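Accompanying notes for the structure given below.
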Amino acid sequence: MKITAPPAYIAFILNRLVSEGYESYVVGGSVRDAVMNRPVKDWDLATSAKPVEVASIFSETVLTGEKFGTVTVVLPECSVEVTTFRSEGEYNDGRHPDEVEFISSLNEDLSRRDFTINAMAESIEGELFDPFDGIEDIKNGIIRCVGGPNTRFSEDALRMFRALRFSAELGFCIETETLQAIYANTNLVYKISSERIRTELEKVLMSKRPEVAGEMIKIGLLSRFITTTGKSPAGLEKLCNLPQEPMLRWCAFCAILLKQNFISTATELLQGMHLDGKTLKTCLRALVIAKFPKNSTGIKILLSKNDAAVVRCAAAVSDVFSDTGEISSLTNAEEIISSGECYSLGELGVTGRDLLEIGHPPGRMLGETLSKLLEHVIKNPQDNKRDTLLSLMKASVDD
Ligand code: ATP
Ligand code: MG
């Protein structure tokens, strides 16, 4: 029975290549995800056609990574990467093969892939190629290197992060020899850029098993950024109660690490990992909010002084430290944010101009009056009307 059910545009590419006399397959993560009944995010296609041959078959192509065998086929529906069967030469930088050799054997192409579960292919007719028993490992929930793990990790140290990332995303265990090789090769991590490490770590934080980030820390894969003590920080599993939003999860991750002294500042970690400026700024502001208010007035006061994103992050932090496991602070904050109730000057029923028109003196006092009115409205939402606020103000002037 056919495992993958590629959309029509993928089938079109596969069929075109076959009709021109080349082999072509769905490979890698697409086959794995289809076997596991997970949605296939991106379709990995492999072919015996060389990049220039692929380019000559389709009307619009981009030679994206010609040297490494990747051509992007541009179709009206979307762009699809097609990769020529290849073997990899020497790895001298621990990340990129110095050269790749285009080959005609599918099996050889599958043998350069990282894990057995990622080393399967299926033809358009539904013929499955699984030379390393990936299906069996999927059944047993195992991440296992194709070939000797020490060699595979010394060729490309990123694979160590990928092993843990797949274990987090798929809920699989890492096979003993593969795991031992990860412990034995942590010294190779220096070869991997911080951005690539961040991408893998973020996928772990966003997964259903964010506590795998703790395993990365314990093993020492993140020692460039986070102190390695041979222990995992406690409580990382709570991150999975949060919505799958990177910023919330990064912020709560930092809070957990700070509390247990795994990092001394969030700036060092987030900057070291080259997170974008908005995430950095928002997380830093959220992390200084010591106690998240329980009542709506307190939350609105916080919202009057901070961006909603900052307040949501602070709520997320409060929720991962709560014993109940509920995300009540975040829920409360979100209810207020979407309620339309006034918590900032922009939503206040009067403007500075209104006040000036009724004779309020300009200058610093004007700002102070507006702030006072905002404070009043936060506590008394029903009063957020122009007339009510103006008469309130007049009354306070008359006093
Ligand atoms: P996902 O798309 O969910 O991240 P994936 O397995 O599809 O997972 P990709 O990075 O899209 O991962 O790579 C596609 C395929 O290329 C993998 O399934 C694997 O066969 C191979 N591959 C990717 N990165 C490596 C690597 N570092 N070493 C060896 N093979 C790799
Ligand atoms: Mg993929």
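Name the residue, out of Gly359, Gly349, Gly230, whose mean-square fluctuation peaks in a Gaussian network model built on the chain with Cα pairs under 10 Å. Of Gly359, Gly349, Gly230, the Gaussian network model singles out Gly359 as fluctuating most. Computed extension length for Glu347-Gln382: 11.3 nm, one decimal, from 0.36 nm per residue of separation with the Cα-Cα distance subtracted. For Asn140 and Ala234, a Förster radius of 25 Å and the Cβ-Cβ distance give a FRET efficiency of 0.30, rounded to the nearest 0.05.
As a proxy for reagent exposure, Cys173, Cys240 were ordered by neighbouring Cβ count within 10 angstrom, fewest first; the result is Cys173, Cys240. The stretch between Glu268 and Asp93 holds 60.4 nm of extra length on full extension. This uses 0.36 nm per residue minus the Cα-Cα distance.
Which percent of the Cα-Cα distances in the chain go past 28 Å? Cα-Cα pairs in the chain separated by more than 28 Å: 60 percent. Distance between the 7 Å Cα→Cβ label points at Glu334 and Glu81: 3.3 nm.
For the stretch 173-283, the relative contact order works out to 25 percent when only alpha carbon pairs closer than 8 Å and six or more residues apart are counted. Taken over the stretch 256-363, the convex hull of the Cα atoms encloses 138 Å³ per residue. Listed by Cβ neighbour count within 10 Å, with the fewest neighbours leading, Phe68, Phe161 appear as Phe68, Phe161.
Considering only Pro51, Pro361, Pro233, the Gaussian network model of the chain with Cα springs below 10 Å gives its largest mean-square fluctuation to Pro361.
Comparing Leu201, Pro361, Thr331 along the charge dipole axis of the chain, the residue lying farthest to the positive side is Pro361, per the Cβ-charge model. Divide by every residue of the chain the summed helix terms, -39500 (n - 2.57) for each DSSP H run of at least 4, and state the resulting mean residue ellipticity at 222 nm, rounded to the nearest 500 deg cm²/dmol. My calculation for the chain gives -14000 deg cm²/dmol from helical runs alone.
By the Cβ rule of 4.7 Å, the chain holds the following cysteines without a possible disulfide partner: Cys78, Cys145, Cys173, Cys240, Cys254, Cys342. Taking other Cβ atoms within 10 Å as a rough exposure proxy, Glu81, Glu125, Glu60 sort from fewest to most as Glu125, Glu60, Glu81.
Which whole-number percent gives the relative contact order of the chain, counting Cα pairs below 8 Å spaced six or more residues apart? Here the relative contact order equals 8 percent. For the chain, a Gaussian network of Cα nodes joined below 10 Å ranks Asp276, Asp307, Asp354 by mean-square fluctuation, and the top entry is Asp354. Loop-located trypsin sites (Lys or Arg not before Pro) in the stretch 79-131 (DSSP state not H, G, I, E or B) with no more than 16 neighbouring Cβ atoms inside 10 Å: Arg95.
Taken along its three principal axes, the alpha carbon spread of the stretch 1-153 comes to 42, 39, 24 Å, from the longest extent down to the shortest.
The alpha carbon centroids of the stretch 126-160 and the stretch 279-296 are separated by 42 Å.
Values in this text are rule-based calculations from the coordinates and carry no lab data. What you see is a predicted model; the values in this text were computed from it and never measured. Positions of Cβ are generated from backbone atoms using ideal geometry, with glycine treated the same way; all protein chains shown enter the neighbour counts.
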